[in-house]
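To start, the structure itself, in structure tokens.
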Amino acid sequence: MCGIAGFLDVASSYAPDQFDRLAGDMATALRRRGPDDQGVWSDAEAGIALAHRRLSIVDLSQAGHQPMISANGRFAMVYNGEVYSFREIRADLEARGHVFRGHSDSEVILESVAAFGVEATVKRLIGMFAIALWDRKERTLTLIRDRVGIKPLYWGKIGKIGRASYRERVSTIV
């Protein structure tokens with residue numbers, strides 16, 4: 001069990017110095033979901049912050065710390081769940097020359113997205129999961145949950161949309 005949280009502030013409601021603090025407060029509120037680790041990542045210029053509480057199961061090392069950034073630097077992700085097919089996906093990526101930093105299913109998901117794209121990766125994911133994935137290049141947030149909804153994923157919208165349409169900035173994949 002882990003916990004993920006975050007926010008996308010397209011209306012520029014918060015000052016740059018508030019992003020890490022607000023995301024940290026969100027992670028602290030999820031303490032019961034993950035006693036082993038807590039992490040925050042934000043990009044105030046883009047208006048995004050991600051937070052994670054971790055219960056270390058698959059990779060107990062710091063290589064499993066989240067939020068996690070892809071090796072190419074394009075994607076930032078928080079993830080809760082377990083992907084049973086991650087070993088097969090990892091083997092495929094390794095056969096293509098990818099070198100992993102750790103042994104977590106989180107890193108496999110993230111690097112698969114970087115290599116094959118979001119939709120192709122999601123089609124290969126077998127398990128229970130909730131994912132928030134920020135594309136730093138396209139400046140889009142994709143929310144993903146397992147097909148059955150075992151791992152819940154809640155989201156909401158507060159206030160005006162701001163400088164970009166909501167539909168253009170956030171997509172969900174089930």
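Here, each number is a calculation from the coordinates, and none is a lab measurement. Worth saying up front: this structure is predicted, and the values here are computed from it rather than measured. So basically every Cβ, Gly included, is an ideal-geometry build from the backbone, and we count neighbours across all protein chains shown.
Structure values in brief
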read-out	value
Sorted by Cβ density within 10 Å, fewest first, the residues Met128, Met77	Met128, Met77
Proxy reagent accessibility, fewest Cβ within 10 Å first, across Phe116, Phe86	Phe116, Phe86
Length released on extending from Arg136 to Ala91, taking residue separation times 0.36 nm less the Cα-Cα span	13.6 nm
